[in-house]
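Novice: Here it is, the structure, as structure tokens.
The values are calculated or read from the model by the stated rules, or taken from the named source; none is laboratory data. Predicted model, so just to flag it, every value in this text is computed and none were measured. Here the Cβ is made from the backbone with ideal geometry for all residues, glycine too, and neighbour counts use every protein chain on show. Just so you know, the surface numbers come from the protein's heavy atoms only, side chains and all, with ligands and any DNA or RNA stripped out. Shrake-Rupley method; radii C 1.70, N 1.55, O 1.52, S 1.80 Å.
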Amino acid sequence: MTTIKAERASPAVSVIVATARDAGCQRLVKAMREQFAACPETSYEIVLVLDGCPRYPWLSDNDDEIRTIVLPQRLGIARARNIGIGASRGKLLAFLDDDCVPADTWLPELLRLSDEHRGHTAFGGRVIGTAPSNLFSQLRDQVYYYETFGPWYTASSSSADVLGAPYVNGGNCAYRREAILGSGGFDALLPAYSDVELGRRLALHERAVLSPQMAIHHDHPGDFRQYMIRCWRSGRARAVLWRYRDYRQDSPFAVGRGIAANLMWNNAVHRRRRITASPLRVVAVLTCQEIVHGIGYAYALLGSIAGGRGPRSRAGDAKGVGVAPGTP
């Protein structure tokens, strides 16, 4: 079921949200309305793609700012985002997760970045965990984001724009319309890392801008089980990136070398120092992380070999750094 309002002039910004959580989505929509109300000169629409869940009761058919698409079955975040792209009309296509709240500076920063950096095609910023003392939230921030984007990403004092990035986080990003349409959108084959792969394909190491002020507050995985599920999915995704897309940074040799380095050195020497929990517990969880990541990788790789090579529509060895080896 698709509810689409009569066509009007293209808005300046389309905010696309692939959602399956009622309360989180309502919180996000409220926050975005408040930000756009503070910038009345900026036209907008919010495109909600309900990924296999019933239509939320608080949505109205008479809301001119919200376009709602209800998918009859769950398709996954990459496909849901691509459907949102097809339904959107904005000049900037922004993506937010339904378990986040944008900082008050999010929209002004996005508008500033797109105006001041006209030669760049993608814009993003920090993803700040809502539970900074939680071990698994810290691991996400101080391991994955720290090693992928650099120390500035987790430093509260950072303020300068950062030109170039391996990718822009799919839960906090925006693309110029022509760029993402020309790219074909997110790779729906991937169980995770579709934003990482898009960053490689669009060469965002040369075409992206990140601002520490274009930030969101995000609910990171809060327990061991949720965190390990992320590690498993990330391992599977890297196997797909190697097997079907031929990215050399995701080859068995590269993944194995990264896991070995983390197990033998990085976890105990470097990573644990950035986490406030007990060193023993940090190293134990990081060890499980590497093992589960590697098992997920091997499982997907062996499954793809047993089932044949499969599609290869987006092969290539992109120049992007990719992701920190062995991290979720």
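Novice: Select, from ALA94, ALA18, the only residue that is open to solvent by 10 Å² or more (accessible area, probe 1.4 Å), small (Gly, Ala, Ser), within 28 Å of TYR153 (Cβ to Cβ) and assigned to a strand (DSSP E or B). Even if it seems obvious, please write down each step before you answer.
Specialist: Values: ALA94 fails: open to solvent by 10 Å² or more (accessible area, probe 1.4 Å).
Selected residue: ALA18, the only one of ALA94, ALA18 that is open to solvent by 10 Å² or more (accessible area, probe 1.4 Å), small (Gly, Ala, Ser), within 28 Å of TYR153 (Cβ to Cβ) and assigned to a strand (DSSP E or B).
Novice: Being within 24 Å of LEU113 (Cβ to Cβ) and crowded, with 18+ Cβ neighbours inside 10 Å: is that true of ILE69 here? It would help to see each step written out before you state the result.
Specialist: Working: within 24 Å of LEU113 (Cβ to Cβ): no; crowded, with 18+ Cβ neighbours inside 10 Å: yes.
In short, no.
Novice: Can you say whether ILE83 is in contact with a Gly (Cβ under 8 Å, 6 or more places away or on another chain) and either surrounded by 21 or more Cβ atoms within 10 Å (Cβ to Cβ) or within 22 Å of LEU181 (Cα to Cα) (or both), as far as the supplied structure shows? Quick ask: steps written out before the conclusion?
Specialist: Details: in contact with a Gly (Cβ under 8 Å, 6 or more places away or on another chain): no; either surrounded by 21 or more Cβ atoms within 10 Å (Cβ to Cβ) or within 22 Å of LEU181 (Cα to Cα) (or both): yes.
Answer is no for this residue.
Novice: Here's something else I'd like to know. Between ARG112, ARG89, which is surrounded by fewer than 18 Cβ atoms within 10 Å (Cβ to Cβ) and over 25 Å from ASP22 (Cα atoms)?
Specialist: ARG112 is the lone residue from the list that is surrounded by fewer than 18 Cβ atoms within 10 Å (Cβ to Cβ) and over 25 Å from ASP22 (Cα atoms).
Novice: Under 9 Å by Cβ, and 6 or more places apart or on different chains, what pairs join a residue from the stretch 35-61 that is in contact (Cβ under 8 Å) with a residue 24 or more places away in the chain and of a type in the set (S, T, N, Q) with one that is assigned to a loop (DSSP other than H, G, I, E, B) and open to solvent by 10 Å² or more (accessible area, probe 1.4 Å)?
Specialist: GLN35/ASP104; THR42/ALA12; SER43/ARG8; SER43/ALA9; SER43/SER10; SER43/ALA12
Novice: Considering only residues of the stretch 130-144 that are open to solvent by 10 Å² or more (accessible area, probe 1.4 Å) and in contact with a strand residue (DSSP E or B) (Cβ under 8 Å, 6 or more places away or on another chain), which is modelled with the lowest pLDDT?
Specialist: THR130
Novice: Follow-up question, since we're still on this one. Testing GLN226 on (1) surrounded by fewer than 17 Cβ atoms within 10 Å (Cβ to Cβ); (2) farther than 30 Å from ALA23 by Cα, one condition comes back false. Which one is that?
Specialist: Status for GLN226: all satisfied but (2).
Novice: Quick one: which residue in ARG236, ARG257 is of a type in the set (D, E, K, R), surrounded by fewer than 21 Cβ atoms within 10 Å (Cβ to Cβ) and touching a residue at least 60 places away in the same chain (Cβ under 8 Å)? Working first, answer last.
Specialist: On the way: ARG236 fails: surrounded by fewer than 21 Cβ atoms within 10 Å (Cβ to Cβ).
Going through ARG236, ARG257 in turn, just one is of a type in the set (D, E, K, R), surrounded by fewer than 21 Cβ atoms within 10 Å (Cβ to Cβ) and touching a residue at least 60 places away in the same chain (Cβ under 8 Å): ARG257.
Novice: Then there's this: Only one of these is among the hydrophobic types (A, V, I, L, M, F, W, C), open to solvent by 80 Å² or more (accessible area, probe 1.4 Å), on the phi < 0 side of the Ramachandran plot and modelled with pLDDT under 95: ALA315, ALA306. Name it. Don't jump to the end; show me each part of the working.
Specialist: Working: ALA315 fails: open to solvent by 80 Å² or more (accessible area, probe 1.4 Å).
Result of the check over ALA315, ALA306: ALA306.
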